[in-house]
Amino acid sequence: MWEVHDFPVPADLAKTAHLDAAGYEKMYRESIENPEAFWAEHGKRIDWIKPYSKVKDVSYDASDLHIKWFHDGTLNAAANCLDRHLAERGDQVAIIWEGDDPKDDKKITYRELHRDVCKFSNALKDLGVKKGDRVTIYLPMIPEAAVAMLACARVGAVHSIVFGGFSPDALAGRIQDCDSNIVITADEGLRGGRTVPLKVNTDKALEDCPDCKTVVVVKRTGGSVNFVEGRDHWYHEICDAASDDCPPTEMGAEDPLFILYTSGSTGKPKGVLHTTGGYMVYASMTHQYVFDYRDGEIYWCTADVGWVTGHSYIIYGPLANGATTLMFEGVPNYPDFSRFWQVCDKHNVSIFYTAPTAIRALMREGDGPVKSTSRKSLRILGSVGEPINPEAWMWYHEVVGDKRCPIVDTWWQTETGGILITPLPGVTNLKPGSATLPFFGVEPIIVDGDNKVLEGATEGNLCIQDSWPGQMRTVYGDHERFIQTYFTTFPGRYFSGDGCRRDEDGYYWITGRVDDVINVSGHRMGTAEVESALVAHDKVAEAAVVGYPHDIKGQGIYAYVTLNAGLEPTEELRKELVTWVRKEIGPIASPDLIQWAPGLPKTRSGKIMRRILRKIAANEHDALGDTSTLAEPAVVDDLVENRMNK
Ligand code: ATP
Ligand code: MG
């Protein structure tokens, strides 16, 4: 059990940081008071073919909702990630690829990546891909995934990446939703020593997608695959045949760059559409400031390119900044639980960015697998995806970072394109569990149920008052759903769907999704706090808390608890945990029911799906809703079987 306390900026880091706290405040104030001037200046970090003269044209009014940034400028996203670096850093490594097997790795320079992208761009054109076409990418974490994204951007096609762990049905649904007539896939993927039948899945998906008439197949494992004459093409063959000269297509700032479906934690995934100019400005600026990225450093984000974190912080942000970005094909526990840290040592990683689900899973195995590695190269640690429990934060800081490395807990969404609330290393004093303060240009607002703005230290619904350049522009093909989902609950503001608390220092604490809030005898409670109290117990690895119908209290607290590796559940422990939470938070938060959970239902990106747990707790497990993004359906069967509320 760690003693959780605050962490002032270490003196040595403060000396080298780009900014100090006063500098941040000044720049932040400028960005809010005069966004036009602020972004007119910072928009220049991207190379424009035709410079913009207009900066911002936004209305959050539901009857005329539109969001435009830099809209009379033109540019090409791939040229910003590649061509503009060739003169100065053509021979610098752009991508370090670390394979699933520790013996497999590869380094690709900016010049090589540029050549590969140009070739594949020409190959795509030969296959008939034109500006504005939607291209589905269903690939494992291999360099060809980066090449495919950048080639789409180069020719002006809109990529829609579907995570390689998704089923044929989920793939088909996404191909149909964006009306895509080409898929780029691989023979097989490789994760944790096991193959993933990507081509088989694609063939199956395409049975339901009659308009999808072209498939490009990357040879990853060499496993034998079915090949449909006239429809299927080997990636290496079409690239070999293509020229490496491909001028980038001139794109308007507001031309679409990609579509990406959300994780599906709260319901059916939404096809989030991002455009080119504002997104590139925002992804590159946040990557530089939030990770304090410095030339020559090795930067590693462990996300998959199938998630927005992979888009903004493996590919577009880092490559726009001329960084060296590491792409990892494997999983944290293969060949063993030391893998992340072995990779850090092997490639001298300075900046490491991962998700709370991974941190909790590794923490569960104890300190040994971490301590057997050096991790001397690490300078900055990051977290994204869910609230990070203070206990997990402390472990990450003390054990992984050897107390040296600041942690940036970055709050953002697929919809926001880039990080909105986050500490800046060397600038922000840290509080474990808090995403701290807003990034430049971001004005968080907390409102009550009636859209009344709550000032000072308070708790409520997290909205953003005005637009920022990386904001999504629409739900693909369903602008009405865009307006309904984000702009009608609290008219005049962007509603995130998350709840949050602001403390007396103005720090933001994400309390979980508003849909997950529990109301016990009239007291409203976020899930994060109760879960964190449970996780702070020595024996608990992970916990998920939901409300369930309770005759007297309205809602009772139902906790699903996963114990540390090797521990057996007992009745005593159950009682001990109730007493523990009562002591940590207060009697109002005592769990009414605790169910032992060998595993929790999660999205494929590792987020706990409380809406499913809520159904089980309410005995409504016959109607679980959209489960297409569920990682391990078997986990649900066990929880239904052993539910406490029969
Ligand atoms: P869907 O919108 O389909 O339900 P999703 O919200 O899980 O899925 P994402 O865009 O991947 O889709 O996730 C964004 C959400 O993740 C945020 O709204 C928030 O709930 C959570 N989140 C991300 N980063 C953080 C963080 N640092 N702290 C707390 N919560 C976070
Ligand atoms: Mg969401």
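The values are calculated or read from the model by the stated rules, or taken from the named source; none is laboratory data. Just so we're clear, the structure is a prediction, and the values are computed from it rather than from any experiment. Cβ coordinates were reconstructed from backbone atoms using ideal geometry, including for glycine residues, and neighbour counts include every protein chain displayed. The accessibility values were calculated without ligands, DNA or RNA, using every heavy atom of the protein model including side chains. Shrake-Rupley method; radii C 1.70, N 1.55, O 1.52, S 1.80 Å.
Collect the residues in the range 104-124 that are open to solvent by 20 Å² or more (accessible area, probe 1.4 Å) and touching a Cys at 6+ places or on another chain (Cβ under 8 Å), keeping them in residue-number order.
Of everything in the range 104-124, those that are open to solvent by 20 Å² or more (accessible area, probe 1.4 Å) and touching a Cys at 6+ places or on another chain (Cβ under 8 Å) turn out to be Asp116, Lys119, Asn122.
Output the residues belonging to the range 403-416 that are part of a loop (DSSP other than H, G, I, E, B) and within 16 Å of ligand 2 (Cβ to nearest atom).
Step one: list which residues in the range 403-416 are part of a loop (DSSP other than H, G, I, E, B), which gives 403-406, 410, 412-413.
The answer is Thr410, Trp412, Gln413.
Here Gly470 clears all of (1) more than 16 Å from ligand 2 (Cβ to nearest atom); (2) over 25 Å from Ala14 (Cα atoms) except the condition numbered (1).
Table: residues versus (1) touching a strand residue (DSSP E or B) at 6+ places or on another chain (Cβ under 8 Å); (2) modelled with pLDDT of 95 or more; (3) open to solvent by 10 Å² or more (accessible area, probe 1.4 Å).
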position: Asp336; (1), (2), (3): no, yes, yes
position: Ile351; (1), (2), (3): yes, yes, no
position: Lys376; (1), (2), (3): no, yes, yes
position: Gly385; (1), (2), (3): no, yes, yes
position: Thr410; (1), (2), (3): yes, yes, no
position: Thr414; (1), (2), (3): yes, yes, yes
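Considering every residue within the range 417-435, establish whether at least one is without any contact (Cβ under 8 Å) to a residue 60 or more places away in the chain, surrounded by fewer than 23 Cβ atoms within 10 Å (Cβ to Cβ), more than 15 Å from ligand 2 (Cβ to nearest atom) and of a type in the set (S, T, N, Q). So far as the range 417-435 goes, no, none of its residues is without any contact (Cβ under 8 Å) to a residue 60 or more places away in the chain, surrounded by fewer than 23 Cβ atoms within 10 Å (Cβ to Cβ), more than 15 Å from ligand 2 (Cβ to nearest atom) and of a type in the set (S, T, N, Q).
Filter the range 47-95 down to the residues that are among the basic types (Lys, Arg) and part of a strand (DSSP E or B) and list them by number.
Answer for the range 47-95, where residues must be among the basic types (Lys, Arg) and part of a strand (DSSP E or B): Lys50, Lys56, Lys68.
Taken over the range 481-510, the criterion of being more than 17 Å from Thr422 (Cβ to Cβ), part of a loop (DSSP other than H, G, I, E, B) and away from ligand 2 (no atom under 14 Å from the Cβ) is satisfied by Thr488, Phe490, Pro491, Gly492, Arg493, Glu504.
For Gly156, indicate whether it is out of contact with any helix residue (DSSP H, G or I) (no Cβ under 7 Å at 6 or more places or on another chain) and buried (at least 18 other Cβ atoms within 10 Å of the Cβ).
Yes.
When Ile298 is tested against (1) over 18 Å from Ile108 (Cβ atoms); (2) surrounded by fewer than 23 Cβ atoms within 10 Å (Cβ to Cβ), exactly one condition is not met: (1). Of all residues being more than 16 Å from ligand 2 (Cβ to nearest atom) and small (Gly, Ala, Ser) in the range 304-327, which is surrounded by the fewest Cβ atoms within 10 Å (Cβ to Cβ)? Just the residue, please. The selected residue is Gly322. I'd like to check something: does the range 600-607 contain any residue that is in a loop (DSSP other than H, G, I, E, B), within 14 Å of Gly547 (Cβ to Cβ), open to solvent by less than 40 Å² (accessible area, probe 1.4 Å) and not polar (S, T, N, Q)? So far as the range 600-607 goes, no, none of its residues is in a loop (DSSP other than H, G, I, E, B), within 14 Å of Gly547 (Cβ to Cβ), open to solvent by less than 40 Å² (accessible area, probe 1.4 Å) and not polar (S, T, N, Q).
All of (1) farther than 18 Å from Gly526 by Cα; (2) in contact with a strand residue (DSSP E or B) (Cβ under 6 Å, 6 or more places away or on another chain); (3) within 10 Å of ligand 1 (Cβ to nearest atom) hold for Cys405 with one exception: (3).
If you go through the range 228-268 and pick out every residue that is within 16 Å of ligand 1 (Cβ to nearest atom) and either open to solvent by less than 10 Å² (accessible area, probe 1.4 Å) or more than 19 Å from Tyr138 (Cα to Cα) (or both), you end up with 8. If the condition is being open to solvent by less than 20 Å² (accessible area, probe 1.4 Å) and within 14 Å of Val442 (Cβ to Cβ), then the range 480-497 contributes Tyr494, Ser496. Within the range 386-399, being of a type outside the set (Phe, Trp, Tyr), under 21 Å from the mean Cα position of the chain (by Cα) and away from ligand 1 (no atom under 11 Å from the Cβ) holds for Pro390, Ala392, His397.
The rows are residues; the columns are (1) open to solvent by 20 Å² or more (accessible area, probe 1.4 Å); (2) farther than 15 Å from Leu639 by Cα; (3) part of a loop (DSSP other than H, G, I, E, B).
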{"position": "Asp538", "(1), (2), (3)": "yes, yes, yes"}
{"position": "Ala543", "(1), (2), (3)": "no, no, no"}
{"position": "Ile552", "(1), (2), (3)": "yes, yes, yes"}
{"position": "Val581", "(1), (2), (3)": "no, yes, no"}
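Provide a single number: the residues in the range 269-288 that are modelled with pLDDT of 95 or more, open to solvent by 10 Å² or more (accessible area, probe 1.4 Å) and within 16 Å of ligand 1 (Cβ to nearest atom).
Final tally of qualifying residues: 1.
Against the test of being at pLDDT 95 or above, under 30 Å from Val162 (Cα atoms) and among the polar types (S, T, N, Q), the options Thr570, Thr562, Thr579, Thr627 yield a single qualifying residue, Thr562.
Does the range 1-21 hold any residues that are surrounded by 12 or more Cβ atoms within 10 Å (Cβ to Cβ) and either polar (S, T, N, Q) or part of a helix (DSSP H, G or I) (or both), and which are they? Result: Leu13, Ala14, Ala21. Cβ-Cβ contacts under 7 Å between residues 6 or more apart (or on different chains), taken from a first residue in the range 240-268 that is at pLDDT 95 or above to a second residue that is within 16 Å of ligand 2 (Cβ to nearest atom) and among the basic types (Lys, Arg), are listed as Tyr261/Lys270. Can you pull out the residues in the range 203-221 that are open to solvent by 80 Å² or more (accessible area, probe 1.4 Å), in contact with an Asp or Glu (Cβ under 8 Å, 6 or more places away or on another chain) and of a type in the set (Lys, Arg)? The answer is Lys219, and nothing else.
Among the residues of the range 22-38, just one is open to solvent by 50 Å² or more (accessible area, probe 1.4 Å) and modelled with pLDDT under 95, namely Ala22. Answer yes or no as to whether Gly470 is within 20 Å of the chain's Cα centre (by Cα), within 16 Å of ligand 1 (Cβ to nearest atom) and not in a strand (DSSP E or B). Yes: the conditions hold for Gly470.
Scanning the range 583-599 for residues that are part of a loop (DSSP other than H, G, I, E, B), open to solvent by less than 30 Å² (accessible area, probe 1.4 Å) and touching a strand residue (DSSP E or B) at 6+ places or on another chain (Cβ under 6 Å) gives Pro591, Ala597.
Restricting attention to the range 512-528, the residues that are surrounded by fewer than 22 Cβ atoms within 10 Å (Cβ to Cβ) and either farther than 18 Å from Gly267 by Cα or away from ligand 2 (no atom under 16 Å from the Cβ) (or both) total 6. Looking across the range 163-202, the residues that are buried (at least 21 other Cβ atoms within 10 Å of the Cβ) and basic (Lys, Arg) come down to Arg174, Lys199.
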